[in-house]
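The values are calculated or read from the model by the stated rules, or taken from the named source; none is laboratory data. All values reported here derive from a predicted model rather than from experimental measurement. Cβ atoms come from the backbone with ideal geometry, glycine included; neighbour counts cover every protein chain shown.
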């Protein structure tokens, strides 16, 4: 039997073995746990810490290499994803910052950032190059050449209420030259939405200011020229013909001030019944001659009108200039009247011939009747009727000649009318028929009776044809005087034709002709080839003016037979 002591001793040994085994197991377990912690917890944590520190230093992306699929591995992946996103955000922020800085430095205007005391905190390259400022210098000292802030400082206003403001300011460049800027201020807030600074952007307006000054001077010069033009000038809307502007001469000539005429139709200056015709002419032609205008006081005046398209305030307009020709026309009328009187003087002999024939017939018939009555001889009824008819017809002829002469010599206003050129030719020829017959001058007519009518003053046009007939008669007479022994062909040819849009009248003679070297002078006032006392030198000059007033033209050429041909052309009416 085993004793109790031995049993206790064996039990104690067993306990010790168990305790040793337990300690060994604990130690092994601790070692295993320690190894596990080192490999699977501590080392990954250190890697995570190192990775987050790299991220904190801005080293992107912050990769943490942990080959575990547990929570540590998931945490490492999350940190890696966070690092990538932070890297992307930081890259975008850096790009925006670089773009902002590039814009801040490169923008072609002056940019400064100022505090409440107007000290320069930052400024861009443009500002630095232009003014070479001292750090901390006040803005008004750096580039405005002032010792104190501007009176209307936009930065001060921005600091007062946190809003943006604009103004125009004047300062000096670093070379001392005067500069003009448009200045705009904007507030800068911190993360607490506190106003900590103000940005001021200044755009150089110096060139624009100089252009504005030049433009202002140019406009003053234009207005000075515009208002000092002696003739009235109107600026009209090209469609409605409304007066948009006018110069000071309009008031002097028409009596309307600029404010009174502006907004009214230019057609108000014409007679109401003529306004539609002139409206069409103003829009389709460039010149209107001898138009009649009505002034504010009702006085009528004759004007020549010139039109040309132009630009005014960004729109196409008509620039219209009128020239008062009333006094000129009155002077021309007096000159024409004087020429008429001279023409009547030249025609006096011919008129005497024209009147002599009917008077001779009347005298013969009346003498026959008186003799019969004195001798108490009966007069056959048929003979009496014949004689009375002759007397009556020749009285009418003499009356017609006298009335024609009175009408021709009468002073009258210019009145353009629609006329048949043949009627005027026949009226002019009526005065000459007898005297030409006496002189042995033959009249040859070649008339186109289907010609359109023309617009002219019939009295003035008759004066033109009379002057041409007088010159033809005198040229033929002078040709006969120079060659008295020769059989001279005495002919005056009258021919009318249609020449495109013109009616043409030719008066040709077989007279002495006009030397080629004086053809260019023949229409000059007071120039004549006739002997002293036989011509005034006004006939052709006045005829030239009358024809031009009708819109026509006159030319000279050599007659195919001998002598001269005058060709007159008038615009045909449709």
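Just so you know, in the stretch 452-485 the residues that are surrounded by fewer than 18 Cβ atoms within 10 Å (Cβ to Cβ) and outside any helix (DSSP H, G or I) include one that is modelled with the lowest pLDDT, and it is 485. Of the residues making up the stretch 278-294, those that are surrounded by fewer than 14 Cβ atoms within 10 Å (Cβ to Cβ), part of a helix (DSSP H, G or I) and without any contact (Cβ under 8 Å) to a residue 24 or more places away in the chain are 280, 284. Taken over the stretch 83-108, the criterion of being farther than 27 Å from residue 194 by Cα and surrounded by 15 or more Cβ atoms within 10 Å (Cβ to Cβ) is satisfied by 83, 86, 87. Going by the structure shown, is residue 302 buried (at least 18 other Cβ atoms within 10 Å of the Cβ), outside the structural domain of residue 417 (by TED's automatic domain parsing), farther than 21 Å from residue 226 by Cβ and in contact with a strand residue (DSSP E or B) (Cβ under 8 Å, 6 or more places away or on another chain)? Yes. For residue 396, state whether it is within 24 Å of residue 445 (Cβ to Cβ) and at pLDDT 80 or above. Considered against the rule, which asks whether it is within 24 Å of residue 445 (Cβ to Cβ) and at pLDDT 80 or above, residue 396 comes out as no. Before we move on, is residue 273 within 26 Å of residue 106 (Cβ to Cβ) and either out of contact with any helix residue (DSSP H, G or I) (no Cβ under 6 Å at 6 or more places or on another chain) or assigned by TED's automatic domain parsing to the domain that holds residue 303 (or both)? Taking the combined requirement at face value, the residue does not satisfy it.
I'd like to know if the stretch 224-232 contains one or more residues that are touching a residue at least 12 places away in the same chain (Cβ under 8 Å), within 42 Å of the chain's Cα centre (by Cα) and part of a strand (DSSP E or B). Within the stretch 224-232 (the criterion being touching a residue at least 12 places away in the same chain (Cβ under 8 Å), within 42 Å of the chain's Cα centre (by Cα) and part of a strand (DSSP E or B)), the answer is no, since none of the residues qualifies. Can you report the number of residues in the stretch 552-574 which are surrounded by fewer than 15 Cβ atoms within 10 Å (Cβ to Cβ) and part of a loop (DSSP other than H, G, I, E, B)? Residues flagged as surrounded by fewer than 15 Cβ atoms within 10 Å (Cβ to Cβ) and part of a loop (DSSP other than H, G, I, E, B) within the stretch 552-574 amount to 4.
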